[in-house]
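All remarks here apply to the structure that follows.
The values are calculated or read from the model by the stated rules, or taken from the named source; none is laboratory data. Note that this is a predicted model, so its numbers are computed, not measured. Please note: Cβ atoms are built from the backbone with ideal geometry, for glycine as well, and neighbour counts cover all protein chains shown. The accessibility values were calculated without ligands, DNA or RNA, using every heavy atom of the protein model including side chains. Shrake-Rupley method; radii C 1.70, N 1.55, O 1.52, S 1.80 Å.
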Amino acid sequence: MNGKPFPAAASAAVSRDFAMHFTSTPRGARLARHLVSHRLHEWGHSWGTPANETVTLITAELTANAVTHGRVPGRDVHLRLSLVPGTITVEVSDTRTERQPHLDPAFGPDKESGRGLLLVDALASRWGVVPRHAAPGKVVWAEVDCPTTT
């Protein structure tokens, strides 16, 4: 899905926004996942709801990929979570430009890795990869359409 336009949340008026840098480690990815679930709960998408569980799983996969495949020693992973009416967007940035995520058509049950983007592709309404602005690297983003909360 390389070359897709940046997600709608980047150009629309953002109703809610959360952004944070995390260490490029499994612990950083785990913390990102927990904070996304907590933030969504605060924004009206309670724990256990489809929106919270879906976006949390997508966050887990994107941050794990950034830590595993996009890691540059000494560089953090950046996460941004946005909520506009009807859409939740997750963006995960890393500094590895040359390692672009892609769906592996040769994926099979005997493979040790490669399931993450298949999950993202199945769960997200849209996803893609764009270059980072004003810094080297890329942003992998995913949008989930969801009902508006009050």
Practice problem: Residues being farther than 19 Å from GLU98 by Cα, open to solvent by 50 Å² or more (accessible area, probe 1.4 Å) and assigned to a helix (DSSP H, G or I): count how many of those fall in the range 22-76. | Solution: 13
Self-check item: Qualifying positions in the range 62-76 - more than 15 Å from ARG126 (Cβ to Cβ) and either of a type in the set (D, E, K, R) or within 11 Å of the chain's Cα centre (by Cα) (or both)
Solution: THR63, ALA64, ASN65, ALA66, ARG71, ARG75, ASP76
Quiz item: Looking only at residues in the range 122-142 that are in a loop (DSSP other than H, G, I, E, B) and open to solvent by 10 Å² or more (accessible area, probe 1.4 Å), which one is nearest to GLY86 (Cα to Cα)?
Solution: SER125
